[in-house]
1. Nearest 500 deg cm²/dmol is fine: what mean residue ellipticity at 222 nm does the chain get from its DSSP H runs of n ≥ 4 alone, each adding -39,500 (n - 2.57), divided by its residue count?
2. Roughly speaking, what is the stretch gain from VAL87 to ASP8, that is 0.36 nm per residue apart minus the C-alpha to C-alpha distance, in nm to one decimal?
3. Length gain on complete extension for the stretch ASN1 to ASP61, per 0.36 nm per residue less the alpha carbon to alpha carbon distance?
4. Which whole-number percentage describes the relative contact order of the chain, with Cα contacts under 8 Å and a sequence gap of 6 or more?
5. Just want the answer: with Cβ charges of +1 for Lys and Arg and -1 for Asp and Glu, which residue in VAL85, GLY49, ALA38 is farthest toward the dipole's positive end in the chain?
6. Residues of segment 1-23 with backbone nitrogen within less than 17 Å of a virtual label 7 Å along the Cα-to-Cβ line of LEU47, please, listed as ranges.
7. For the chain, I need the span (max minus min coordinate) of the C-alpha atoms along each principal axis, in Å, sorted largest to smallest.
8. Explain nothing, just the number: dipole magnitude of segment 4-94 about its Cα centre with +1 on each Lys and Arg Cβ and -1 on each Asp and Glu Cβ, in debye rounded to the nearest 20.
Amino acid sequence: NIPEDQADKLLLASWGLPKAVLEKYHSLGVVQMFEWQAECLMLGQVLEGKNLVYSGMRTSDKTKLLILKRVLETRKKALLILPFVSVAKEKKCYLQ
């Protein structure tokens, strides 16, 4: 669970995403992340370059967007494993 004093971490605007991306999400009615997404980003030193392995039922485009942002900022690699070839192809097109 997210501590009360860090509830702002649920807001997409708290993560330094580009203005155009935030505006697009806001136009779709999306202004915050799921708790599990914020929890993952707040674990240990993930945002300082440490590794995170997350396994779940699904990921959202918000999660992939934050992964992409981190990759572009640090010039490091990320590995996103998807359950089906069709989903992998779709996400490859989306991220390109």
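1. After summing the helix terms and dividing by residue count, I get -13000 deg cm²/dmol.
2. 25.3 nm
3. Extending this stretch completely gives an extra 19.5 nm.
4. 21 percent
5. Most positive-ward Cα: VAL85.
6. Flagged as within label range: 1-19, 22.
7. 40, 32, 28
8. The dipole magnitude comes to about 660 debye.
Where a number appears in this text, it was derived from the coordinates with a stated rule and is not lab data. All values reported here derive from a predicted model rather than from experimental measurement. All Cβ positions, glycine included, derive from the backbone under ideal geometry; neighbour counts span all protein chains shown.
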